[in-house]
1. Taking only segment 88-106 into account, find how many residues are in contact with a strand residue (DSSP E or B) (Cβ under 6 Å, 6 or more places away or on another chain) and in contact (Cβ under 8 Å) with a residue 60 or more places away in the chain.
2. Which members of segment 220-236 meet the condition of being within 17 Å of residue 300 (Cβ to Cβ) and within 13 Å of the chain's Cα centre (by Cα)?
3. Among the candidates 236, 217, which residue alone is closer than 16 Å to residue 161 by Cβ and either in the same structural domain as residue 267 (by TED's automatic domain parsing) or crowded, with 23+ Cβ neighbours inside 10 Å (or both)?
4. Being assigned by TED's automatic domain parsing to the domain that holds residue 387, within 19 Å of residue 210 (Cβ to Cβ) and modelled with pLDDT of 95 or more is the requirement here; does residue 347 meet it?
5. Given the condition surrounded by fewer than 17 Cβ atoms within 10 Å (Cβ to Cβ), assigned to a loop (DSSP other than H, G, I, E, B) and out of contact with any strand residue (DSSP E or B) (no Cβ under 7 Å at 6 or more places or on another chain), answer yes or no: does some residue in segment 284-300 qualify?
6. Say we look at segment 35-68 and pick out the residues that are more than 29 Å from the chain's Cα centre (by Cα) and closer than 25 Å to residue 99 by Cα; which of these is surrounded by the most Cβ atoms within 10 Å (Cβ to Cβ)?
7. Consider residue 139 carefully, then state whether it is assigned to a loop (DSSP other than H, G, I, E, B), in the same structural domain as residue 69 (by TED's automatic domain parsing) and modelled with pLDDT under 95.
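The values are calculated or read from the model by the stated rules, or taken from the named source; none is laboratory data. The shown structure was predicted, so the numbers you read here are calculated from the model rather than taken from an experiment. Here the Cβ positions follow ideal geometry from the backbone for every residue, glycine too, while neighbour counts run over all protein chains shown.
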């Protein structure tokens, strides 16, 4: 080969490699370069939003970078669509407002209409919830919105990992109309008596995977609302809290469905409920179904209601508890669930008179109640049991 030609080919190859490498680099937008100050005093919302806007417009992979420090932050909405993959890298602590004038807005940090987003970094969201919990008046039936710490609306093919959320004023994380989102290795924490501090609430979403997560809070560790499909929770710890709940369903005048839920290899410690499905006994509701759920390999430690289907869910007497739910529950498997119940009735399957539960399975249950004694109760349930049954199964 001609030496000059060979040299030209070599240079062309090197240039191609350099171009390929540069196209995979991440453009970093450091919030400090936009005026953010992590001194636990300065309000930083404008700097964060400007950094996000520039990162979102960047054609290619880019990240908003929050260095170590404590950053006060008012409510912000970070919108897409964006050009390419985006990261929100939290190394420091983000601290929510603690003044009542900033409370009643329903969100703190929100991401909207974004694909290919990754939120990570090892940092912390501090919701300063103790300043707002006295304003929670949900027991009256009329709740003013308190901020959710982290909201994802219409976010797809994304991931939240390796961050912490402390003392949210309302839910820690809220996912609405999201698809193919992973939540991994996050820690969510609030006191056991903090109101409505659900760890992760999911609604109208699909293909959501929650894995290796620790949730200690004052309400549901994970709450799965209507309109969800393919929600999978694995290797997750819950406690204190109200357990992992599907529902509530059936209160509204629209049809409400939930399908394909799995809770596998999880631990519940000191929770009000373990795994729960709850529906309202509202005769005027449009109905719907909850179907194809699997609960498998679950440890219960001092849980009040380890296995609970409750189709007479009626909090604060806001409905007629004697009504009959229109939600059809079917194809539910409770398998390999063991541990201790703080109440004698360790398995409670309370289904609808007008829409009895169908194909409910209890397989290898070993739950011990107070004094070593436990029982199970069923109403309006069609199903089966097999393997070890402690307490004795109330199914045939």
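1. So the count comes out to 2.
2. Residues of segment 220-236 within 17 Å of residue 300 (Cβ to Cβ): 220-222, 233-236.
Within segment 220-236, 220, 221, 222, 233, 234, 236 qualify.
3. On inspection, the qualifying residue turns out to be 236.
4. In short, no.
5. Among the residues of segment 284-300, at least one is surrounded by fewer than 17 Cβ atoms within 10 Å (Cβ to Cβ), assigned to a loop (DSSP other than H, G, I, E, B) and out of contact with any strand residue (DSSP E or B) (no Cβ under 7 Å at 6 or more places or on another chain), which makes the answer yes.
6. Top of the filtered list is 36.
7. No: the conditions fail for residue 139.
Yes or no, residue by residue, for (1) surrounded by fewer than 20 Cβ atoms within 10 Å (Cβ to Cβ); (2) touching a strand residue (DSSP E or B) at 6+ places or on another chain (Cβ under 7 Å); (3) in contact (Cβ under 8 Å) with a residue 60 or more places away in the chain; (4) in a strand (DSSP E or B):
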position	(1), (2), (3), (4)
324	yes, no, no, no
330	yes, yes, no, yes
336	yes, yes, no, yes
359	yes, yes, no, yes
362	no, yes, no, yes
377	yes, yes, no, yes
387	yes, yes, no, yes
